[in-house]
Amino acid sequence: MTDIGELSRSLEDYLEIVFNLIREKKVARIRDIAKKKKVKMASAVSAMKRLGELGMVEYEAGEFIRISEKGEQLARKIHERHQLLKRFLTGILFVSEGNADRDACAMEHNTSRETIERIVGFMEFLESCPFPSELLLERFKHCYPPAGSDKKITMDDCREPDCEALMLKAFREYTEKEKTVKAKKRKLSISDLEPGQKAKILQIRASSVIRQRLIDMGVLPDVEVEVVRRAPLGDPIELKIKGYYLSLRKIEASSIRVVLLD
Amino acid sequence: MHQKKKEVVVAVAGNPNCGKTSIFNALTGAHQHVGNYPGVTVEKKTGVYEFEGVLYHIVDLPGTYSLTAFSEDEKVARSFLVDEKPDVVVDVVDASNIERNMYLVAHLLELEVNLVIVLNMWDRAVASGHKLDLDVLSKRLHAPVVPTVGFKGTGKDELKKAIAHAAVSDREKARVWMGRDIEKEIDDMIALIPGNKGELKYPIRYLAIKFLENDAEIVDFLEKGNFDTEALRKQREKSIKRLKSRYNDSVEVLLGDRRYGFAAGLVQEATIQPAKLDRVSFSEQVDEILTHKYLGLPIFMAIIYGLFWVTFSLGSAPMEWIQSGIDFLSSFFIHTVFLDQKTVLESLIVDGILGGVGGVLVFLPNIVFLFLGIAILEDTGYMARVAFIMDKIMHKIGLHGRSFIPMLIGFGCTVPAILATRTLSSRKDRMITIMVLPLISCGARLPIYLLIIPAFFPVNLHPIILLSIYIIGILLAMFISLLLNKTLFSGVTTPFVMELPPYRLPSINGIIIHMWERSWMYLKKAGTIILGVSIIMWALSYFPRTTEFTIDKLIASGKVMVENDSESLQDPADIGKDVKVITKIEYANRKAAEELRNSAAGRIGRLIEPVLRPLGFDWKIGTAMIGAFAAKEVFVSQLGIVYSLGESDSEAVPLRDILKSIYNPLTGFCIMLFMLIATPCTATMAVVKKETGAWKWAFIQFIGLTVLAYILTASVHTLGTVFGIGV
């Protein structure tokens, strides 16, 4: 399979142009090719001859240029690469359409293959999974070949294989954090809970004596508690914490901020 | 290895409800002694045992969850460890809840004590499927770990061996790692505490950590010890700021978190297989019923009634035996020893000493049974539920749920009620409860009410009047409690935060030791005081003696004749028209009345009569009240004597009639009111002194209650007189 790297930049251009012309106008004429490439017809002719030798096109003097299957596949790839580069500019950097088109071309010509490949790889990566920003750069590292190896990455290598799992995990962490933030704002305390509810402790806002006592009994941030019952007269409250049972007055319980666990 | 000592001091520490007491009992057997830590009301248990030629002194420290300086129990425990520096510290851990128990271990490690760990209730841990690697635990803690089943005595010998070994070994102590950031702060603090200020009684690292935590005792220690506290404070400020910005939490929380982290990590490392958690524990099931929303209260009332019944009904039979025994001894002395001769010695022995001894022993059955009941409730774990259920009400009057039982017992007798306040762990709660307990109308006042109410009030009002007295008592107790909360004992709110321990089957042995020790303490401490005061009271009513009796003068002048003499006359008509004939008993009674009148008690009564007038009382009531100081029931008998009726009881109609004729209902009510509030009996004062450790409180209570009684009664009497109620 001929790869992109095997043609010169110039020839890539020609191939792409032929491909586009055939798509647009059904035929590719030397005159149109030369015009598009902004070269003399003679240059276009020699390029076509060369492409023909490589089996990309079928060139007969005086005839329309036809693109071979091999050539078409390659052309598509080149085209896709061009589009990715353009999308990089318009979609990520919000460059205007006109500039993006021209710059994509320019990049294809003036930037090293490595850079092009990296950018293309990056776009593949992005489009394969809607990463949360924290996870993004961490996962993109997988796209690079290990230092010192000759392994060439292809665009497919950069696609994220575990997207679903990662997204679920990120989502869970996100909702947890959001809940915590909301809970802190909502100021839910143990005294607000009903028997049977489980919660996680966020903060203890009691006076020093009571707070120390609570700490000594294991009431600390991130500890899980379960409200077991209220006393028959309504106060105090019985909690299950760290495998044993603790009772405290509602007023003491109201100084312990929690977030509900479901 | 140290030189082997001949005597070793061992302290036993541990969480409450971990079976520490049974370990203590297993080690010491019957050789234990209960006392108080000096200056405080915390109970101190000590004992001894001998092992391989060495004598081991064991001190059972109060059960604590931690060693911070807020509660009295913890202060006492910590002071003992720091000041007495026991050779070995045995920490008793509940094997089914190691993590929380390890938190205390973290504190002990900070004090760098010579540790031996006991995993008690090992059978339950095994039954739950929890498998532990004891070697790992031992290695991490640098201490021997001994599994035991306390109440069975299993593991006792291994424990003794471990203690003996620890006493002579010199292992490097384990350290609790607080995390890089906090350790840095600790190091910075240590740098400012020079170690060459002589031998410090605290480890330097401990000082640093505690100062960071702003521990009151340590701060005090450092200030008094010429340390550069300015620099230390600045350092602490820096540390607090740094840690707050990093973790957004206070130092206490962070350190607490690290210590629990240590505990959790330790347990995790040593756990081969965790306990099975699927089935709902037996304890939880029982609590479902006992603290049920609707069933809980009725069941509670039944159990409480049971306690009351055990204390007073079961105790009444032995009480009667004791009373008969005393009576027997009395008549023995009166007839056999003194041959019916009324001498000073005879009166001293019979009325003074035997009366006094009776006064002490009479409480004993109640107390023994009360302690039995309380021991059962405590050891099964139900006592915590009592506090849990009653706290809402108790808290409203500024007390703790645990104050309920003493208050309840107070309806029977104040003395065991005060002794029952031992179950309160907070000094403030205990003090306030003790102070207000006499306001709960006790059983001894009942004879007074039963004398006065029928004397002055119509039958249909009897229940209401009686109830009103009880309610007044309760209301006053609540009010004074709230008042004391705000004034005398104001300050730090004591947290309620309390563990509900799992239900356990109590060990009979433990309960009996528990019961015996406490009862014996009562006898020794309170008994001596009560006996002493009884003798003083006897003297007050006995001396000075009357030599010339008015009745004798009347007989001599022919105006009165004693019945017996009149029999010798043939003709009743020979008795003169104006001559009054009285029976022998009447003669004796008249003499007794005059004796009382001339005695110290009588004179005091007459002396304070002007003061008693605003209350509607006269000197006779005053004298009776002085007698009531010894014991409330004495009021009735003294009143009887003063009215020449001899020692009558509440059923005596004549006394009622006399009272009715002389006083009015308002005064009657005032008598009851005054007796309700004032003059806690001698036994009460003795027991207050014993439980609070100082006479000061007994006197404050006495004066306070008397003043309160005076003001209230005077007000009632004045208002009543003004508005014409009951006059």
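We did not get these values from a lab; they are worked out from the coordinates using the rules stated. Everything numeric in this text was worked out from a predicted model, so none of it was measured. Positions of Cβ are generated from backbone atoms using ideal geometry, with glycine treated the same way; all protein chains shown enter the neighbour counts.
The convex hull built on the alpha-carbon positions of the stretch B:98-254 has an orientation-averaged projected area of 11.6 nm². The helix-based estimate of mean residue ellipticity at 222 nm for chain B, built from -39,500 (n - 2.57) per DSSP H run of four or more residues and divided by its residue count, is -18500 deg cm²/dmol to the nearest 500. Taking the charge dipole of chain B about its Cα centre, with +1 at Lys and Arg Cβ atoms and -1 at Asp and Glu Cβ atoms, the residue from B:LEU372, B:ILE218, B:PRO274 reaching farthest to the positive side is B:ILE218. Our analysis of the stretch B:293-340 gives Rg over Rh at 1.49, with the two radii drawn from alpha carbon positions and Rh computed by the Kirkwood formula. Here the stretch B:121-184 yields Rg over Rh of 1.09, to two decimals, using C-alpha coordinates and the Kirkwood radius.
The DSSP beta bridges internal to the stretch B:63-172 are antiparallel in roughly 10% of cases.
Think of the protein assembly as shown as a dipole: +1 on every Lys or Arg Cβ, -1 on every Asp or Glu Cβ, centred on the Cα centre; then among A:CYS158, B:ALA13, B:LEU666, A:CYS158 lies furthest on the positive end.
At 20 Å minimum axial length over the Cα atoms and a Kyte-Doolittle cut of -1.0, report the qualifying DSSP H helices in chain A, or say none. For chain A, where a helix must reach 20 Å along its axis and average at least -1.0, the hits are A:9-25, A:113-128.
Within 10 Å of the Cβ of each residue in A:202-210, the mean number of Cβ atoms contributed by other protein chains is 4.
Counting only other chain Cβ atoms within 10 Å of each residue's Cβ, the peptide A:238-245 averages 6. In the structure shown, the pairs A:LYS198/B:LYS486; A:LYS185/B:LYS75; B:LYS342/B:LYS690; B:LYS152/B:LYS173; A:LYS179/A:LYS250 are assessed against 28 Å; a Cα-Cα span above that value is assigned to A:LYS198/B:LYS486; A:LYS185/B:LYS75; B:LYS342/B:LYS690; B:LYS152/B:LYS173. Taking max minus min of the alpha-carbon positions on each principal axis, the stretch A:123-262 gives extents of 74, 27, 26 Å, largest first.
Could you give the angle, 0 to 90 degrees to the nearest 10, between helix B:695-723's Cα long axis and the longest principal axis of the Cα atoms of chain B? The two axes meet at around 50 degrees. Counting only DSSP beta bridges with both residues in chain B, the antiparallel share comes to about 40 percent. Rounded to the nearest 20 debye, the dipole magnitude of the protein assembly as shown is 2660 debye, with +1 charges on Lys and Arg beta carbons, -1 on Asp and Glu beta carbons, and the Cα centre as origin.
Comparing Cα centroids, the stretch B:224-295 and the stretch B:501-515 end up 29 angstrom apart. Taking the Cα centre of each part, how many Å lie between the stretch A:23-77 and the stretch B:417-432? For the stretch A:23-77 versus the stretch B:417-432, the Cα centre distance is 104 Å. Bridge orientation summary for the protein assembly as shown: considering DSSP beta bridges with both residues in this region, about 65 percent are antiparallel.
Computed over the alpha-carbon pairs of the protein assembly as shown, the distance histogram in 10 Å steps reads 2, 9, 14, 15, 13, 10, 9, 7, 5, 4, 3, 2, 2, 1, 1, 0, 0, 0, 0 percent, short to long. The calculated pair-distance distribution of the stretch B:181-317 uses every alpha carbon pair, bins of 10 angstrom beginning at 0, and gives 9, 24, 17, 13, 18, 16, 3 percent. So for chain B, what percent of the C-alpha to C-alpha distances run longer than 35 Å? More than 35 Å apart: 56 percent of the Cα pairs in chain B. Maximal additional length on extending the B:ALA317-B:GLU563 stretch stands at 84.5 nm, based on 0.36 nm per residue less the C-alpha distance.
Counts of other chain beta carbons within 10 angstrom of each beta carbon in peptide B:386-394 average 4. Taking the number of Cβ atoms within 10 Å of each Cβ as an exposure proxy, the fewest-first ranking of B:GLU223, B:GLU172 is B:GLU172, B:GLU223. Distance between the modelled labels on A:GLN83 and A:LYS70, one decimal in nanometres: 2.5 nm (7 Å Cα→Cβ projection).
Between the Cα long axis of helix B:364-380 and the first principal axis of chain B there is an angle of about 30°, rounded to the nearest 10. In the protein assembly as shown, taking the dipole from charged Cβ atoms about the Cα centre, the farthest positive-side position among B:ILE204, B:PHE300, B:ILE432 is held by B:ILE204.
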